[in-house]
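Worksheet: the structure to be examined is printed underneath.
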Amino acid sequence: MCTGTRDDLRSITEVKPDESELLVNPLFFTGLADRLPDEIAHVEIIPDETDTGDRLGPFRYAAIIHVSSQDTQLQIRQASQAEWVDFEKEGFDRPSLLKLVETSSASALIPVTNIPYRRLIHGQRILQLLQDGGEETTSTSGWISHARIVEDKHSLSVNDLVDLAKQTGRRVEVNWTLQSSQRGALTAVFYHDPPTQDKTRVLFQFPPKDHQGNTSIGMLCSQPRQQDMNEKVEVELLEMLRTRLSSYMIPRVIKILDRTPLNNNCKIDRRALEKDTQRKSRQSASISEGKTLSEPEERVRQVWGDALRIEPTTIGRNDRFFDIGGDSISAMKVVQEARKYGLAITVRDLCFLEVHEMAGRIPPPLT
């Protein structure tokens with residue numbers, strides 16, 4: 001259970017996301033049928049609910065791509081636009097949706113769109129509160145509980161929809177193809193088919209798809225190798241300057257940025273620039289501190305280095321985890337590894353603790 005203040009949560013949301021793995025927007029897959037109409041017949045996006053839902057990191061889903069074939073013709077059922085029920089617009093909750101499905105004729109298709117997805121709605125609510133600002137609950141640790149008031153009643157998971165279908169003697173197909181335009185909401189079609197030996201899934205044509213528009217493919221996925229490439233260019237550029245310029249002309253730090261940070265007045269945000277460059281310069285400055293670290297500090301430095309995949313000697317005793325490139329994924333690794341040393345910390349702790357402060361929490365060995 002999270003008990004952080006709004007300021008604590010805001011500091012965590014400002015952490016750069018991990019890009020060590022390829023992250024793909026579902027729009028990439030749903031757009032395949034438009035880009036390759038002769039090869040792709042149908043695309044489904046289904047949320048992955050195999051984990052507990054408490055993990056940090058990217059949200060996972062399955063993309064099912066049905067390839068066109070001359071031998072097999074896909075049978076895709078379609079509901080008329082008038083049949084679609086907007087869950088959010090109609091003010092539905094689970095009981096009212098259950099009543100709708102129960103009272104409909106057995107042969108009727110019951111297509112429902114814009115169903116708030118329970119596994120996303122709480123995070124969306126917190127982000128909305130952070131964006132809205134306001135003085136209320138800014139420093140009160142209990143403010144997060146207010147975000148849960150309506151979410152449980154008016155949001156559903158994929159498993160909730162499957163259970164509801166079973167309760168009414170129907171089947172359901174759930175899709176996430178409209179997650180972009182509907183802020184992560186689910187779309188479902190309840191139907192009743194007599195039992196057969198055919199185990200082929202029923203396919204449905206869901207409402208008009210999210211439009212990719214002029215978004216390039218490169219904007220729909222992360223660049224997991226980009227950070228490594230940037231660091232290589234930074235090192236090579238610095239080495240080249242050292243061979244061609246006098247020492248006083250060589251910049252202290254070379255840093256490649258995705259974009260120039262701007263403030264509210266659309267001018268260069270020099271504080272943000274300074275923060276980015278300090279992260280890199282502190283690593284080189286901390287190398288000389290290695291001989292002065294205590295044994296617990298060395299342990300912390302080793303754990304951080306393993307999680308960040310960097311040389312531990314580049315981490316100084318006054319460094320903070322997220323200031324030297326940490327992210328939510330690597331933070332979870334540190335939390336788990338720290339338990340081996342009897343150290344119980346949270347991801348929130350890593351936002352604020354320096355190396356020596358975290359080392360100070362390691363219990364002394366038993367004598």
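Leu257 meets all of the listed conditions (1) modelled with pLDDT under 80; (2) surrounded by 11 or more Cβ atoms within 10 Å (Cβ to Cβ) but one, namely (1). Please tell me if Val347 is in the same structural domain as Trp304 (by TED's automatic domain parsing) and without any contact (Cβ under 8 Å) to a residue 24 or more places away in the chain. So Val347 does not fit the description; no. Among the residues of region 324-366, those that are closer than 23 Å to Gln227 by Cβ and outside any helix (DSSP H, G or I) comprise Gly325, Gly326, Asp327. Is there a residue in region 173-195 that is assigned to a loop (DSSP other than H, G, I, E, B), within 16 Å of Phe59 (Cα to Cα) and among the basic types (Lys, Arg)? Scanning region 173-195, I find at least one residue that is assigned to a loop (DSSP other than H, G, I, E, B), within 16 Å of Phe59 (Cα to Cα) and among the basic types (Lys, Arg), so the answer is yes.
Residues checked against (1) over 26 Å from Glu21 (Cα atoms); (2) surrounded by fewer than 17 Cβ atoms within 10 Å (Cβ to Cβ); (3) at pLDDT 80 or above; (4) not aliphatic (A, V, I, L, M):
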position: Val174; (1), (2), (3), (4): yes, no, yes, no
position: Phe190; (1), (2), (3), (4): yes, no, yes, yes
position: Thr200; (1), (2), (3), (4): yes, yes, no, yes
position: Phe206; (1), (2), (3), (4): yes, no, no, yes
position: Asn214; (1), (2), (3), (4): no, yes, no, yes
position: Ile217; (1), (2), (3), (4): no, yes, no, no
position: Gln227; (1), (2), (3), (4): no, yes, no, yes
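One residue stands out among those in region 237-266 that are of a type in the set (A, V, I, L, M) and in a loop (DSSP other than H, G, I, E, B): the one that is farthest from Ser222 (Cα to Cα), which is Leu245. Among the residues of region 13-48, those identified as touching a helix residue (DSSP H, G or I) at 6+ places or on another chain (Cβ under 6 Å) and at pLDDT below 85 are Val15, Asp18. Considering only residues in region 296-314 that are over 12 Å from Val334 (Cβ atoms) and in contact with a helix residue (DSSP H, G or I) (Cβ under 7 Å, 6 or more places away or on another chain), the one that is surrounded by the most Cβ atoms within 10 Å (Cβ to Cβ) turns out to be Glu297.
On the stretch given as region 330-342, residues that are surrounded by 15 or more Cβ atoms within 10 Å (Cβ to Cβ) and at pLDDT 85 or above total 8. Filtering region 50-73 for residues that are under 21 Å from Ala165 (Cα atoms) and assigned to a loop (DSSP other than H, G, I, E, B) leaves a non-empty set. Taking region 263-287 as the range and being surrounded by 14 or more Cβ atoms within 10 Å (Cβ to Cβ) and at pLDDT 80 or above as the test, only Asp269 passes.
Does Arg320 satisfy the condition of being surrounded by fewer than 20 Cβ atoms within 10 Å (Cβ to Cβ), within 24 Å of Lys275 (Cβ to Cβ) and touching a Ser or Thr at 6+ places or on another chain (Cβ under 9 Å)? Answer is no for this residue. Report yes if Thr140 is out of contact with any Cys (no Cβ under 7 Å at 6 or more places or on another chain) and modelled with pLDDT under 80, otherwise no. Yes, satisfied.
The values are calculated or read from the model by the stated rules, or taken from the named source; none is laboratory data. From a predicted model like this one, the values you see are computed outputs, not experimental measurements. Positions of Cβ are backbone-derived with ideal geometry, glycine not excepted, and every protein chain shown enters the neighbour counts.
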